[in-house]
Amino acid sequence: MDGLSEDSPLLPVVLTGDLLDRLSEHWSSSSVAAFAFSAYFTFVGKAVDLWLVLAFVGWNHASAITSIIKSLDLTQFGLLAGVVFPTSVLGYQFLGRILDVQTVKWNGPGRPFLIPSRTTHTRLFPKKHSFSYSYLVVGVPVGYSGNANGMISANVSGPSSWLSYFLDRRAWFDVNPADYLQRGHRDDGLRGKLDDYLENQNVDPSQYPHAYLVTAARFLGYHFNPVSFWFLYSQEKVLSAIVLEVNNTFGERRPYLVTRDFEAERHIQNGSTDDERQEPLRSRVKGSWNKDFHVSPFNSRKGSYSLLASDPLGPDMEGFRGIDITINLSSSKGHPKLVARLFSEGDALEPSSMGIFQKTRFLLGWFWVGVAFTFGIAQNRSKRVWDAWPTISKKQLEDAFRQYLSHLVQQSTAPITVKYIPSGVVGAVEEVFSSSSVTDSSATAESAEIKVLTPVFYSRFVHYAHDFEAVFSELAESCTLWVDKPELLPKIFLKKASPPLHASTPFDFLCFQLIKSLRSRPGRIERPLTSADQVSSSSQGLDIRDFRMSSMDAFVIGQGDTTLKKSYRAAVLRLFFADRIAFGNTDLLGMMELGARVGASWVLASLINQAIRGFS
């Protein structure tokens, strides 16, 4: 400025006055930009929106930013560092995996193995269909912890993601205890989880001190693992039982314990010829059980399974003889429907004996299978009929339902206890709730068990305006819920008058009014007919009741937990908007939301650029 040097103590005062003068001249554009920016980020803005706004503003002033970068002479350095550094890190880690020859020693029976296999599926009803494909599984002794020559790892602590395979002690194929039996992490790993499961089945874990797990391990953090097999051995290292752990497309797990019938085997051996007795018999486990678990949304829960599995290990659990497992599915009338088989295809490989070239050849040979399954999992997530909504939404709605159920039980005037069993949510555990009238000395308290069969129950429950209707519809029609004593449900889910809307803030009031307006009763989940079912009428009556705020809405609003209210309203609104504008697909809604955020960020950036031009 004329007449004022840069060292003058009056310079800050003059600059401040100049800024205020400019603000007064261009107060309109500046205030509009500031108000829009503040309002947007107060209600719906996220970190990604801020980055988008900065990117649009930077793009509009690209020439100025480019001149600054050129003056600093950082362009070539940045490009070089951006290419060389990641390439060097990934290359170093890849070579480290190949050249790594350190193996954690295991003194117990059995050893880790890579097991090239083939699986076949033959459907016999209602239409014959058959297919097969190559499938890689691994075998690990239950109790083994560590890394086997960079190829197989088990019970390794830390997060399991694709990046962790380059930054920590995980091998290419990793067996993560969190993927098996009870959800969540345990310090004692696979062995601790197995012991807990056996105890829950009223079985003494000491009967099976040795165990060997055959499963599809994680590859770069991903895996496709419909079924795992826990081979259980006695103190004498004789195969005595199998735990068959089934995973369905809803993210649920169901283990089945099948014990070996030694008495029946003795009868068979006594009736065999002398020549047959001289041939060593390979240990096998054979058993059957009723189907009580949805493996696929396109199959009924009725019917039964049968299993025939051979011992994969040699005598005394030494060596590896191969896997040979057959599972049959029959209808409720005993008609065969499906035959699935998993068997070894080629020799199993012991990682500790593999050299550099053998490991490289094996990884190149099976890499395409891992990539195919990884991309297949990513593409098919949106195709799941019952599980097409994010994991975070499951957790939010399950947590809200859990607290609401606890509240209902506590408020019940009847002495009652309820055992709640959740489904499909990581970290969600069973819990027992008691009414306020139940005391430790009460002998007349009634008990009920409420078991959620699929996590879709939580998303369907919030669609109902009436709790009583929701529970009985999901119990009797859609079968997403199971209750051992349905006659006790009226003592928990009472018919109540429409609760008034008492929101603590105007934003809460608007959100829950919107939820009330968007709410609609969900349709019945249609299941495939079995031979015992009758065709029902497809007509549905018109519901003329007022779809008001539900009792669970009122419960959430009345809580002082701001986090609960925020997560609940976000999850419910996301579901309802997906139903209205995205065909019920939350992934599609997410893409639409991203497009809206990009548009809003562009508008904000335009307002900011207009204000900036006013100062230039």
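Would you say F43 is loosely packed, with under 15 Cβ neighbours inside 10 Å, modelled with pLDDT of 65 or more and aromatic (F, W, Y)?
Working: loosely packed, with under 15 Cβ neighbours inside 10 Å: yes; modelled with pLDDT of 65 or more: yes; aromatic (F, W, Y): yes.
Criteria met by F43.
Would you check which residues across region 338-362 are crowded, with 17+ Cβ neighbours inside 10 Å and more than 22 Å from F231 (Cβ to Cβ) and list them?
Residues satisfying the conditions are L338, M354, K359, F362.
Quick one: in region 161-177, which of the residues that are crowded, with 21+ Cβ neighbours inside 10 Å and either at positive phi or not charged (D, E, K, R) (or both) is modelled with the lowest pLDDT?
Here is the first cut: in region 161-177, the residues crowded, with 21+ Cβ neighbours inside 10 Å are 165, 170-177.
Cutting the leftovers down to either at positive phi or not charged (D, E, K, R) (or both) gives us 165, 171-173, 175-177.
On the way: Y165: 53, A171: 84, W172: 85, F173: 90, V175: 91, N176: 88, P177: 88.
So the residue we want is Y165.
When only residues in region 179-190 that are under 15 Å from P255 (Cβ atoms) and not in a loop (DSSP other than H, G, I, E, B) count, which is modelled with the highest pLDDT? Step through it out loud before you land on a result.
Quick first cut of region 179-190, residues under 15 Å from P255 (Cβ atoms) only: 179-183, 190.
With the extra rule that they be not in a loop (DSSP other than H, G, I, E, B), the set shrinks to 179, 190.
On the way: D179: 85, L190: 91.
Checked region 179-190; the qualifying residue modelled with the highest pLDDT is L190.
Name every residue in region 567-599 that is under 13 Å from F512 (Cα atoms) and crowded, with 17+ Cβ neighbours inside 10 Å, in order of residue number.
From region 567-599, those under 13 Å from F512 (Cα atoms) are 567-574, 576; that's our starting set.
S567, Y568, R569, A571, V572, R574, F576 - these are the residues of region 567-599 that are under 13 Å from F512 (Cα atoms) and crowded, with 17+ Cβ neighbours inside 10 Å.
For region 340-362, give me each residue that is among the aromatic types (F, W, Y) and assigned to a helix (DSSP H, G or I).
Going through region 340-362, the residues among the aromatic types (F, W, Y) turn out to be 343, 357, 362.
Once the filter is applied, which keeps residues that are among the aromatic types (F, W, Y) and assigned to a helix (DSSP H, G or I), region 340-362 yields F357, F362.
Looking at region 581-616, which of its residues are at pLDDT below 75 and in a helix (DSSP H, G or I)?
Within region 581-616, T586, D587, A611, I612, R613, G614, F615 qualify.
Okay, residues lined up against (1) of a type in the set (G, A, S); (2) assigned to a loop (DSSP other than H, G, I, E, B); (3) in contact with a Leu (Cβ under 6 Å, 6 or more places away or on another chain); (4) on the phi > 0 side of the Ramachandran plot:
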{"residue": "V425", "(1), (2), (3), (4)": "no, yes, no, no"}
{"residue": "A428", "(1), (2), (3), (4)": "yes, yes, no, no"}
{"residue": "V432", "(1), (2), (3), (4)": "no, no, no, no"}
{"residue": "T454", "(1), (2), (3), (4)": "no, yes, no, no"}
{"residue": "S459", "(1), (2), (3), (4)": "yes, no, yes, no"}
{"residue": "F472", "(1), (2), (3), (4)": "no, no, no, no"}
{"residue": "C479", "(1), (2), (3), (4)": "no, yes, no, yes"}
{"residue": "W482", "(1), (2), (3), (4)": "no, no, yes, no"}
{"residue": "L488", "(1), (2), (3), (4)": "no, no, no, no"}
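Of K451, K516, which residue is of a type outside the set (A, V, I, L, M, F, W, C) and modelled with pLDDT under 90?
Working: K451 fails: modelled with pLDDT under 90.
On inspection, the qualifying residue turns out to be K516.
Yes/no per residue for (1) in the same structural domain as D553 (by TED's automatic domain parsing); (2) crowded, with 21+ Cβ neighbours inside 10 Å; (3) among the hydrophobic types (A, V, I, L, M, F, W, C):
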{"site": "A400", "(1), (2), (3)": "yes, yes, yes"}
{"site": "Q410", "(1), (2), (3)": "yes, no, no"}
{"site": "A414", "(1), (2), (3)": "yes, no, yes"}
{"site": "S435", "(1), (2), (3)": "yes, yes, no"}
{"site": "V438", "(1), (2), (3)": "yes, no, yes"}
{"site": "S478", "(1), (2), (3)": "yes, no, no"}
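The values are calculated or read from the model by the stated rules, or taken from the named source; none is laboratory data. Just so we're clear, the structure is a prediction, and the values are computed from it rather than from any experiment. Cβ sites come from the backbone with ideal geometry, for glycine too, and all protein chains shown count toward neighbours.
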